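Novice: Have a look at this one.
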Amino acid sequence: MPVKIKKTGQKKKKQAGSKSGGYTSPHRLKIIFSALDHLFPQAECALKHENPFQLLVATILSAQCTDARVNKVTPELFRNHPTPADFAALRPEALAEEIRSTGFFRNKAKSITGAATKIVNEFEGKVPRTMDELLTLPGVARKTANVVLGTAYNIATGVVVDTHVFRIAHRLKLSLEKTPEKVEKDLMKIVPEKRWVSFAHQMIWFGRKICQARKPLCAICPVEKICDSSDKTV
């Protein structure tokens, strides 16, 4: 009897975090990956940029703001201030007026000018290529760092978890965690490292086009049959 109790306890521990134990099975993940590959085989970052620094600035601006709005602001912004040194020379108050329409513009202006100053003074004017160094820049957390490393440098250090990825990970029960950082850790365990960058891009586009926040288009969703989210519309 003691042996049976021990085995039962081990089984429960093994299933913890997935409710049924099957949400992250290889078969189910294969279905999800195949659907994303079919829908968005060439998925890329939607933020328009020409170099790593522009991507860094655009990603900071994208917080609590749509990529479409950011893409309307950045062309003129980058024409007026083409280098990190140009941004470092700006007063945050002046930059704030140029990025006002992206929301939270005062904090974003402080982050951007602060990051530019640090890049100029400590990294020879170049955006760092490591997670640890990027995280020392004002306004940069793991999501922003992952975007820059994955998109600008093709370095996979994690999975970008924005609002779309966070929402879909929960709907498909790929993670039950409550913070982006913990959701990322769960995704890094079940998504092959070679897919980390492309998976995030695909999930973001999937969230924009199909698994939308307010009214997901479940009728045309290729993974509807393996989804039992309470948000389903069919």
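Novice: Can you work out the Karplus-derived ³J(HN,Hα) for every residue in the stretch 181-191? Use 6.51 cos²θ - 1.76 cosθ + 1.60 with θ = phi - 60°, whole Hz, and x for glycine or proline.
Specialist: Ordered by residue, 3J(HN,Hα) equals 5, 6, 4, 4, 4, 5, 5, 5, 7, 10, 9 Hz.
Novice: Can you tell me the dipole magnitude for the chain around its Cα centre, using point charges on the Cβ only (Lys, Arg +1; Asp, Glu -1), in Debye to the nearest 20?
Specialist: Here the size comes out at about 1660 debye.
Novice: Another question, if that's okay. How much length is gained if the chain between residue 79 and residue 122 is pulled fully straight, taking 0.36 nm per residue apart and subtracting their Cα-Cα distance, in nm to one decimal?
Specialist: 13.0 nm
Novice: Quick one: Karplus J couplings for the stretch 97-104, per residue in order, coefficients 6.51, -1.76, 1.60, θ = phi - 60°, nearest Hz, x for Gly and Pro?
Specialist: 5, 6, 10, 3, 5, 8, x, 6
Novice: For Kirkwood radius over Cα pairs in Å, pick the label among (1) 18.8; (2) 18.1; (3) 19.3 that corresponds to the value derived from the coordinates.
Specialist: Working out Kirkwood radius over Cα pairs in Å from the coordinates points to (3).
Novice: Mind listing the long-range amide H neighbours of residue 90? Cut-off is under 5 Å, sequence gap 5 or more, other chains count too, H placed in the peptide plane at 1.01 Å from N.
Specialist: For residue 90, no residues qualify.
Novice: Lys and Arg at +1, Asp and Glu at -1: add these up for the other residues within a Cβ distance under 12 Å of residue 184 and post the number.
Specialist: Taking every other residue near residue 184 into account, the sum is +1.
Novice: Something else: Please report how far the C-alpha centroid of the stretch 186-226 lies from that of the stretch 123-154, rounded to the nearest whole angstrom.
Specialist: 24 Å
Novice: On to the next question. List the aspartates and glutamates whose alpha-carbon lies under 14 Å from that of residue 194, not counting same-chain residues fewer than 8 positions away?
Specialist: 37
Novice: Right, next: Can you pull the three principal axis extents for the Cα set of the stretch 102-234, in Å, largest first?
Specialist: So the three principal-axis extents are 55, 33, 23 Å.
Novice: Taking θ as phi - 60°, what are the ³J(HN,Hα) couplings along the stretch 64-73 by the Karplus curve (6.51, -1.76, 1.60), each to the nearest whole Hz, with x for Gly and Pro?
Specialist: Taking θ as phi minus 60°, the curve returns 6, 8, 6, 5, 4, 5, 4, 5, 7, 8 Hz for the stretch 64-73.
Novice: Let me check I've understood the local charge: for residue 227, count other residues with C-beta under 12 angstrom from its C-beta, Lys and Arg +1, Asp and Glu -1. What total comes out?
Specialist: Charge balance in the 12 Å sphere: +2.
Novice: To continue, here is another question. Give me the percent relative contact order of the chain, please, defined on Cα pairs under 8 angstrom at least 6 residues apart.
Specialist: Here the relative contact order equals 19 percent.
Novice: Sticking with this one: Within straight cross-link reach of residue 173, meaning Cα distance under 17 Å, which aspartates and glutamates are found once same-chain residues fewer than 8 apart are removed?
Specialist: Hits, sequence-local ones excluded: 162, 181, 184, 186, 224, 228, 231.
Novice: Then there is this: Calculate for the chain the 222 nm mean residue ellipticity that helices alone would give, adding -39,500 (n - 2.57) per DSSP H run of length 4 or more and normalising by residue count, nearest 500 deg cm²/dmol.
Specialist: Value at 222 nm, helices only: -16000 deg cm²/dmol.
None of the figures in this text is laboratory data; all of them are computed from the coordinates on show. Predicted, not measured: the structure shown is a model, and the values here were computed from it. Here Cβ is always computed from backbone atoms with ideal geometry, including for glycine, and neighbour counts include all displayed protein chains.
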